[in-house]
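> Pasting a structure below so you can have a look.
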Amino acid sequence: MERLGVDTTRLELGWREPVVVNAYVHETDRDGARGTGDVTLVDTGLRFNRRSLPAELRAAGYETGDVDRVLLTHYDLDHVGGVCRFDCPVYLGARDVALVRGSWDPPLVHHKGLFHRAVRRLVDLSDADLRPVEGGDRIAGFTAHHTPGHNPGHTAYVHDDGTAFVGDLLWETDGELTTPFWGDSYDMRELRRSVRRFADSAGEVSAICPGHGVPFVRNADARLRSLADRL
């Protein structure tokens with residue numbers, strides 16, 4: 001795990017490159033010890049990780065029971081696999097909720113759509129207290145931003161303190177802020193539009209916390225604006 005500041009901790013999950021994924025703990029109004037404030041977990045990694053999610057949480061000073069809510073950026077196995085460990089509300093973009101519940105079927109002829117049709121039978125999140133999220137929703141100091149492209153219901157969450165949890169809207173690659181590659185996304189054109197809209201609507205971000213790669217805690221707003229201008 002890695003401390004990013006007073007309120008935010010990065011949990012390093014997955015296995016080895018390229019199968020490495022970040023989850024994040026954000027805590028506000030802490031009364032001394034960690035876990036005594038309002039605790040939000042963003043994404044949950046794979047079901048089984050080289051470093052387990054509970055172990056990473058403990059290293060950061062938390063137990064699974066300390067988590068008040070889970071914010072899922074999107075339905076992919078490396079982001080939702082650990083959600084079964086938590087007995088608290090779980091928030092996910094409404095279109096991805098429809099996908100996983102089977103009320104919306106992704107196209108069979110699409111590489112990722114076909115994949116999701118198969119895996120939702122195995123990881124259906126039926127044990128989770130799943131709550132659909134729309135763009136603009138407010139959740140405990142976070143604003144949800146619907147950012148489709150990588151997934152139809154992909155959602156980024158920006159806390160009032162300026163910390164942006166962007167899932168797979170953005171990656172860090174070789175020290176640069178980038179977008180995911182086409183083979184892991186539904187629609188790259190829509191994803192690029194989402195990045196531009198997010199840069200315009202997110203306000204001034206103080207940190208960018210991607211699902212893959214190293215977070216940006218300096219010049220985050222300038223990096224986001226620069227990328228958006230190039231897309």
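> Of all the residues that make up the range 199-231, how many are assigned to a loop (DSSP other than H, G, I, E, B) and either within 16 Å of Val158 (Cβ to Cβ) or in contact (Cβ under 8 Å) with a residue 12 or more places away in the chain (or both)?
Qualifying residue count for the region: 12.
> What number of residues within the range 38-48 are free of Cβ contacts under 8 Å to residues at least 40 places away in the same chain and open to solvent by less than 20 Å² (accessible area, probe 1.4 Å)?
Count: 2.
> Suppose we filter Arg3, Arg30 for residues that are open to solvent by 50 Å² or more (accessible area, probe 1.4 Å), charged (D, E, K, R) and closer than 16 Å to Val214 by Cβ; which single one remains?
Arg3
> Then there is this: Which count do you get for residues in the range 186-206 that are over 21 Å from Val217 (Cα atoms) and either touching a Phe, Trp or Tyr at 6+ places or on another chain (Cβ under 6 Å) or hydroxyl-bearing (Ser, Thr, Tyr) (or both)?
So the count comes out to 3.
> Which pairs do you get when a residue that is touching a residue at least 40 places away in the same chain (Cβ under 8 Å), found in the range 161-179, comes within reach of a residue that is surrounded by fewer than 24 Cβ atoms within 10 Å (Cβ to Cβ) and charged (D, E, K, R), reach meaning Cβ atoms under 6 angstrom, with the pair 6+ apart or on two chains?
Pairs found: Leu177/Arg223.
> If I ask for residues that are open to solvent by less than 30 Å² (accessible area, probe 1.4 Å) and either over 20 Å from Val80 (Cα atoms) or of a type in the set (Gly, Ala, Ser) (or both), which ones from the range 172-188 would you list?
Quick first cut of the range 172-188, residues open to solvent by less than 30 Å² (accessible area, probe 1.4 Å) only: 177, 180, 183, 185.
Result: Leu177, Gly183, Ser185.
> Another question about this same structure. If I ask for residues that are open to solvent by less than 50 Å² (accessible area, probe 1.4 Å) and either more than 12 Å from Leu99 (Cβ to Cβ) or of a type in the set (A, V, I, L, M) (or both), which ones from the range 118-135 would you list? Quick ask: steps written out before the conclusion?
If we filter the range 118-135 for residues that are open to solvent by less than 50 Å² (accessible area, probe 1.4 Å), which is where we start, we get 119-120, 123, 125, 128, 130, 133, 135.
Passing the criteria: Val119, Val123, Leu125, Ala128, Leu130, Val133, Gly135.
> Where in the range 1-108 are the strands (runs of 3 or more DSSP E), entirely inside, with at least 1 residues that are among the aromatic types (Phe, Trp, Tyr)?
Ranges flagged: 20-28, 89-93.
> From Leu191, Leu169, grab the single residue that is over 23 Å from Leu13 (Cα atoms) and either hydrophobic (A, V, I, L, M, F, W, C) or open to solvent by less than 40 Å² (accessible area, probe 1.4 Å) (or both).
Leu191
> Kindly indicate the residue of the range 137-147 that is without any contact (Cβ under 8 Å) to a residue 60 or more places away in the chain and open to solvent by 10 Å² or more (accessible area, probe 1.4 Å) and also nearest to Ser201 (Cα to Cα) among those meeting that condition.
Filtering the range 137-147 for residues that are without any contact (Cβ under 8 Å) to a residue 60 or more places away in the chain and open to solvent by 10 Å² or more (accessible area, probe 1.4 Å), the one nearest to Ser201 (Cα to Cα) comes out as His145.
> Residue by residue through the range 179-198, note down the ones that are over 15 Å from Ala156 (Cβ atoms) and either touching a Cys at 6+ places or on another chain (Cβ under 7 Å) or not in a helix (DSSP H, G or I) (or both).
Matches in the range 179-198: Phe181, Tyr186, Asp187.
> Among the numbered criteria (1) touching a Gly at 6+ places or on another chain (Cβ under 6 Å); (2) more than 19 Å from Asp187 (Cα to Cα), which one does Arg131 miss?
Looking at each condition in turn, Arg131 falls short on (1).
> Just to verify a result, which residue in the range 4-37, among those that are of a type in the set (D, E, K, R) and in contact (Cβ under 8 Å) with a residue 40 or more places away in the chain, is nearest to Val80 (Cα to Cα)?
Glu12
> Could you tell me how many of the residues in the range 24-55 are over 18 Å from Ile139 (Cα atoms) and hydrophobic (A, V, I, L, M, F, W, C)?
Residues meeting the conditions: 5.
The values are calculated or read from the model by the stated rules, or taken from the named source; none is laboratory data. None of the values given here were measured: they were computed from a predicted structure. No Cβ is skipped: glycine too gets one built from the backbone with ideal geometry, and neighbour counts run over all protein chains shown. Each accessible area value is taken on the protein alone, full model and side chains, heavy atoms only, with ligands, DNA and RNA left out. Shrake-Rupley method; radii C 1.70, N 1.55, O 1.52, S 1.80 Å.
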